[in-house]
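Notes follow once the structure below has been shown.
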Amino acid sequence: MNHYNKYQVEDFVQDLRFRAWVLGRSPADNLQWEEWLRQYPEKQAIVEEAKSLVVATQIEKINISEQDIQTGIQAILKRTESKQVFLKKRKWLKMSAIAACLCVLLAAGWILFFDGNKEKTTNSLSITSNDNAIKNKSEKPFSMQLSDGTTVTLKGESQLNVAPDFGQKNRTVYLIGEAFFEVKKDAQRPFIVIGGGIVTKVLGTSFNVRAYQGEAKTLVTVKTGKVTVYQEEKISKKGSKTVKTAQILLTPNQQVIFEREKEKLVKTLVEKPILLDTQATKNQFVFEETPISKVFGLLEKSYGIKMVYDSELLADCNLTAVFEQETLYEKIDIICETIQATYEIADGQIVIYAKGCK
């Protein structure tokens, strides 16, 4: 281990053996590192600084390549070196530039990794320490994990702000742009996303929010679980009370569109509903003189979307068809053409209009 006596902080941080020791992944090396520090006591301060960086940039529950880790470390080192702080001030209490950078991560309690563009020498991610904001300036999405275990995939040209008290009494984040959330369930502390004029509230589910500045609409799309959406509260004209707005409950394959200018929430279905029933097979969509009520019942179960129709009126309607790769809407088109019906999407449901099959 004699080569370590020439190491600076950045060398230790990038050393695989050193990181494994700091993170407790190589207990067998404990004695060797302790002996080495006794031989080189002058390296104690540098080692402590390097250990703090390794711990701060540790990422849990997200699979990240070694190259991603190296890119993140290099980005931090590059910024601090440009300010002539890293090499000139080695004592712990004097690491002002590094502390300012890491404070955002530690105070908010969340970890991020850098999704750098291999064709560029600079990283597309920018950290601002004064507003606890993570900005993705690239066109590629990247993932991060918050302190509560929630995973956030921040889309291109987007920004996520985390409340200073995140994870203590509440779990509130502020979004500008678009992000996909896989929320860790916590019945005591709902997860809240504020952005684009609306509030999205969940306990534990996965959903997408699109709230870019300059766009006329804000969209919330649900993949799993249930999501509550409502307009941000506003101060009344008298300035004394806040104006409450109605809450909309969304389930998988549903979305809400907030028309900002009209301040109107519209509940509808996603453009391409996905198959929610993982046990569904192609054979399930083979029908031979099958009553329409059973066909609609299967579609409801498979896609999680309510089918509204007059069961008595369609009691004599049957369907013979084989569905394979058709989308939900293509299936509905074929069914309606067969029984001479029409349909529309209303309040996140599919409403069938027909005259019957007598």
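Every number in this text was worked out from the coordinates using simple rules, so none of it is lab data. Keep in mind the model is a prediction, meaning the values are calculated, not measured. Cβ coordinates were reconstructed from backbone atoms using ideal geometry, including for glycine residues, and neighbour counts include every protein chain displayed.
Excluding residues on the same chain fewer than 8 positions from Lys272, give the aspartates and glutamates whose Cα lies under 13 Å from its Cα.
Once the sequence-local aspartates and glutamates are set aside, what remains near Lys272 is Glu326, Glu330.
Exposure proxy check: Ile176, Ile292 ranked by fewest other beta carbons within 10 Å?
Least crowded to most crowded, the residues run Ile176, Ile292.
In which sequence would Tyr230, Tyr353 go, from the one with the fewest C-beta neighbours within 10 Å to the one with the most?
With the fewest neighbours first, Tyr230, Tyr353 line up as Tyr353, Tyr230.
Need one number: nm distance between label points at Lys301 and Tyr40, each 7 Å from Cα along Cα→Cβ, rounded to one decimal.
Each label point lies 7 Å from its Cα, and together they span 6.7 nm.
Once label points are set 7 Å from the Cα along Cα→Cβ at both Lys226 and Gln284, what is their separation, rounded to one decimal in nm?
2.2 nm
Considering just Cα atoms, how many Å³ per residue does the convex hull of the stretch 282-354 enclose?
Per-residue hull volume (Cα only) is 77 Å³.
Quick one: length gained pulling Asp186 to Ala20 fully straight, 0.36 nm per residue minus the C-alpha distance?
56.6 nm
Report the extension gain between Lys262 and Glu233 in nm, rounded to one decimal, defined as 0.36 nm multiplied by the number of residues separating them, less their alpha carbon distance.
8.9 nm
Round to the nearest 0.05 the FRET efficiency obtained for Ile274 and Ala28 when R0 = 45 Å and r is the Cβ-Cβ distance.
Efficiency at R0 = 45 Å is approximately 0.40.
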